[in-house]
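J.: For reference, the structure I am asking about is given below.
The values are calculated or read from the model by the stated rules, or taken from the named source; none is laboratory data. Only a predicted model underlies this, so the values are computations on that prediction, with no experimental measurement involved. Because the Cβ atoms are built from the backbone with ideal geometry, glycine has one as well, and the counts that use them run over all protein chains shown. Surface accessibility is based on the protein's heavy atoms, side chains included, excluding ligands, DNA and RNA. Shrake-Rupley method; radii C 1.70, N 1.55, O 1.52, S 1.80 Å.
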Amino acid sequence: PEGWTGKNWAVWNGYQQASGDLIAFLDADIRLEPKALEFLLHARERAGGVISVVPYHYTVKFYEKLAMITNILGVFAFMSPFENTNPRKGLYGSCILTAREDYEKIGGHQSVKSELLDDLNLGARYAQAGIPVVNFIGSGLVSFRMYPGGIRHEIEGFAKGAALSTSALK
């Protein structure tokens, strides 16, 4: 609908169908190892707030390694010591685990419905509400593979990301 991005609308509708006290948001390309969900549940319980995971970037073909550059920067951005004190600390959107109560307290994806960087803005909303935001690295538990369909898909994906990023600056 007008005022919503496609992803935010889809995630919001998925949330409305969910019935549990805890909600996991996972991108379609995320792969969880057998014990990953158990780890995530324990990590969220210890953190006491919302958690996200920067997935391990699994590559097979040479061109896929090119995308690792942006992912390494992402790991630094989300895991740097400077981020710990950031009052607008973001979440890594491909793997988020939250309590329903906390998600509803911040207004969920409806509160960021028009934002292209929904994960960063959601994290900031949690932080502003006094809910701890904790990010982890998913090595050995949470992974993804970007653009396995070929270098053309990778180029198109990065071009789309660049276009979306620059349009958000207007």
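J.: For the range 56-69, indicate whether the set of residues that are at pLDDT 70 or above, among the polar types (S, T, N, Q) and over 12 Å from the mean Cα position of the chain (by Cα) is non-empty.
T.: Yes: one or more hits.
J.: Determine whether L22 is in contact with a helix residue (DSSP H, G or I) (Cβ under 8 Å, 6 or more places away or on another chain) and at pLDDT 95 or above.
T.: yes
J.: Exactly one of these conditions fails for S19: (1) surrounded by 17 or more Cβ atoms within 10 Å (Cβ to Cβ); (2) more than 22 Å from R145 (Cβ to Cβ). Give me its number.
T.: For S19, the exception is condition (1).
J.: Which of the residues that make up the range 26-36 are out of contact with any Phe, Trp or Tyr (no Cβ under 8 Å at 6 or more places or on another chain) and either touching a residue at least 60 places away in the same chain (Cβ under 8 Å) or not in a loop (DSSP other than H, G, I, E, B) (or both)?
T.: L26, L32, E33, K35, A36
J.: Mind listing whichever residues of the range 37-55 are outside any helix (DSSP H, G or I) and either in contact with a strand residue (DSSP E or B) (Cβ under 8 Å, 6 or more places away or on another chain) or open to solvent by 70 Å² or more (accessible area, probe 1.4 Å) (or both)?
T.: Result: G49, V50, I51, S52, V53, V54, P55.
J.: Right, next: Cβ-Cβ below 8 Å, separation at least six or inter-chain, first residue in the range 101-127 and of a type in the set (K, R), second in a helix (DSSP H, G or I) and open to solvent by less than 30 Å² (accessible area, probe 1.4 Å): which pairs?
T.: K113/N8; R125/V112
J.: Looking at the range 95-109, can you tell me whether even one residue there is closer than 30 Å to R152 by Cβ and modelled with pLDDT under 90?
T.: no
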